[in-house]
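Below is one structure, written out as structure tokens; comments come after it.
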Amino acid sequence: MGKSISKVLQITFTLVLIVVILYYGKSILAPLAIACILSMLFVAPSVWMEKKGLPRWATALIAVGILIVCLVGIGFLLSWQLQNFAEQISSLKQNLSQILSSVQHWIQDRLDIDQAKQQAIAEEQMKSQPTDGSTVKQLASGFFGLLVDFILVMVYTYLLLFYRSRLKKFLLKIAPSGDQKKTMEIAESASKVAANYMTGLAKMIVVLWILYGFGFTAIGVENALFFAVICGLLELVPFIGNLTGTAIAIVGVTAQGGDTNMIVGVILIYGFVQFVQTYLLEPLIVGNEVNINPLFTIFSLVAAEAVWGIPGMILAIPVTGMIKIICDRIPRLQPYGYLIGSDKKAKKSFWKRKK
């Protein structure tokens, strides 16, 4: 009895220590973790290029170059669309004023708070906000921090790809003499799962851009490409991202003066895209690489957001999938792998079900 209690206390202490280290080491560990996942995407292409005669430093540099080109391209696309918003700023202000007036009338009718009192409450809230330029400083600090993290991720990705043989030998050195082969199998399986999941997710996001782009354009949404890109990118965060993207699109359409029919059209497009994503894109493109049950999927997202914020939510699913792979291949951890996993078979697409 005493030994079992001692073991539970040791496990609890270890878990608490890990969470504390992750929370307070976010600025150091988060960029490294993102770089690890990104480097896994390019291991197979790097090996292929090296077999063709390219040196390792060149293959690692090409991988980082591809990442930078993709991210800069997305940033350019969003900034180009935001310029269109800037040109419509006067009409957006007018539409927002009309919406605000409607909301004020609704509050007056339902809550019996007249517009003068609402204005006084709003002014009181504005007075409580700092007016010494601290908001600008926070934005500048946030942008600078984001830039530093981006540079760190690119540098880490390059170095991880360049020194991957040394990392492999390190794993072999720390593994017990009889378990070296098994250790490498676990590492390669976990890396493959993360790489396949992220590659499939990237392909799915591109398809979602096309579907949302055509759909929003068809119903006459202004800056349809901007909202399509936003909705697609937010798919990086499961469950929450697609709802957030649709909410942003609805708010944007409302601010642009869209009528009720257009808002209903956005909701219908969202429903159609979700159907295609669930029964076609996920089975055919993403596949069943990360077989985690919904309980631990949601738990991992919430826990990762609490520790690392948005980067944690993006990394939660592939990291949890890697943890499951490790648990499944170590006998004493297999019960935990079973707890995390799901009994369901690989999801079939809609067309395969019809056949």
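The values are calculated or read from the model by the stated rules, or taken from the named source; none is laboratory data. No experiment lies behind these values; they were computed from the predicted model shown. A quick note on method: Cβ atoms are made from the backbone with ideal geometry, for glycine too, and the neighbour counts reach across all protein chains shown. Just the protein is used for accessible areas: all its heavy atoms, side chains included, with ligands, DNA and RNA removed. Shrake-Rupley method; radii C 1.70, N 1.55, O 1.52, S 1.80 Å.
Worth pointing out:
- Residues (open to solvent by less than 30 Å² (accessible area, probe 1.4 Å), aliphatic (A, V, I, L, M) and over 19 Å from Lys168 (Cα atoms)) located in region 27-39: Ala30
- Checking the stated criteria, Ile34 turns out to be within 24 Å of Val148 (Cα to Cα), in contact with an Asp or Glu (Cβ under 9 Å, 6 or more places away or on another chain), modelled with pLDDT of 85 or more and of a type in the set (A, V, I, L, M).
- Selection status of Ile248, modelled with pLDDT of 80 or more and either open to solvent by 50 Å² or more (accessible area, probe 1.4 Å) or part of a helix (DSSP H, G or I) (or both): yes
- The residues of region 31-70 that are without any contact (Cβ under 8 Å) to a residue 60 or more places away in the chain, of a type outside the set (Gly, Ala, Ser) and in a helix (DSSP H, G or I), listed by number, are Pro45, Val47, Trp48, Met49, Glu50, Lys51, Ile62, Ile66, Val69, Cys70.
- In region 1-27, the residues that are within 22 Å of Arg332 (Cβ to Cβ) and part of a helix (DSSP H, G or I) form no Cβ pair under 8 Å with any partner that is at pLDDT below 85 and not acidic (Asp, Glu), whether six or more places apart or across chains.
- Members of region 235-244 that are touching a Ser or Thr at 6+ places or on another chain (Cβ under 9 Å) and either modelled with pLDDT of 85 or more or open to solvent by less than 50 Å² (accessible area, probe 1.4 Å) (or both): Val237, Pro238
- Screening Phe42 on (1) over 14 Å from Tyr163 (Cα atoms); (2) surrounded by 14 or more Cβ atoms within 10 Å (Cβ to Cβ) shows it passes everything except condition (1).
- Note on region 251-265: among residues that are more than 28 Å from Val302 (Cα to Cα) and of a type in the set (A, V, I, L, M), the one that is modelled with the lowest pLDDT is Ala255.
- If you go through region 251-277 and keep only what is open to solvent by 50 Å² or more (accessible area, probe 1.4 Å) and hydrophobic (A, V, I, L, M, F, W, C), you end up with Val251, Val264, Ile267, Leu268, Phe272, Phe275.
- Qualifying residue in region 72-80 (condition: open to solvent by 50 Å² or more (accessible area, probe 1.4 Å) and at pLDDT 90 or above): no
- Scan of region 46-58 for residues that are surrounded by 14 or more Cβ atoms within 10 Å (Cβ to Cβ) and closer than 22 Å to Tyr197 by Cβ, ordered by number: Ser46
- The helices (runs of 4 or more DSSP H) found entirely in region 162-233 that carry 1 or more residues being basic (Lys, Arg) and open to solvent by 40 Å² or more (accessible area, probe 1.4 Å) are 164-174, 180-218.
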